[in-house]
Amino acid sequence: HTDAVSRFAIDFDMDIGTPILAARSGLVYQIKEDSDLGGPHKSYAHHANYIKVYHSDGTIGTYVHLQKNGATVKIGDRVSAGDLIGYSGNTGLSTGPHLHFSILKISDTGKLVSIPFKFRDPDNKAITPEPYEWYYSNIPGNQPFEIIYGNQLSINDYTDYEITTENT
């Protein structure tokens, strides 16, 4: 992402219906969950479902592209880090199912801008995500999965992959 409101956003590749947990404690202050529309054209941008959580330090956690009726919280709910807040989807301006996550603050000019944030790795070390890097995580309670990097793949790994397009 290159615009100020999404510059430090992270997109998590995940299946539709994946549980979304609050990254930090806060107050749910905005929800949109009425859309089932999504696609790669900018005309879909206003169809994204989302949850926004206001944190005690004045920042806002945003969780975008949720499924229709995918919020498990309501406006005014207080959430703690790790609480279930909704389910991932593919709504709005989206090229595939994922969660768009960012932390926002109000800038000196009064506009919302994204800010860098950190994650804890499996060793509880804080890391700052870097642009164009891939990060992998295990779902708590599930078995670890094998990590395969793109440079380890060959054309044979795509033999079952096909795309259907419409002629226009």
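The values are calculated or read from the model by the stated rules, or taken from the named source; none is laboratory data. As the structure is a prediction and not an experimental result, all values here were calculated from the model. Virtual Cβ from ideal backbone geometry, glycine too; neighbours counted across all protein chains shown. With ligands, DNA and RNA removed, areas are computed over all heavy atoms of the protein, side chains included. Shrake-Rupley method; radii C 1.70, N 1.55, O 1.52, S 1.80 Å.
Side notes on the structure shown:
- Between I127, I103, the distinction of being under 17 Å from the mean Cα position of the chain (by Cα) and either touching a residue at least 24 places away in the same chain (Cβ under 8 Å) or open to solvent by less than 80 Å² (accessible area, probe 1.4 Å) (or both) belongs to I103 only.
- Subset of segment 52-77 [more than 19 Å from I106 (Cβ to Cβ), surrounded by 12 or more Cβ atoms within 10 Å (Cβ to Cβ) and either among the basic types (K, R) or touching a Gly at 6+ places or on another chain (Cβ under 6 Å) (or both)]: H65, L66, Q67, K68, G70, A71, T72
- Scanning segment 6-32 for residues that are within 14 Å of G92 (Cβ to Cβ) and open to solvent by 60 Å² or more (accessible area, probe 1.4 Å) yields D11, I16.
- The strands (runs of 3 or more DSSP E) falling completely within segment 1-100 that include 2 or more residues that are within 23 Å of F119 (Cα to Cα) and at pLDDT below 90 map to 10-13.
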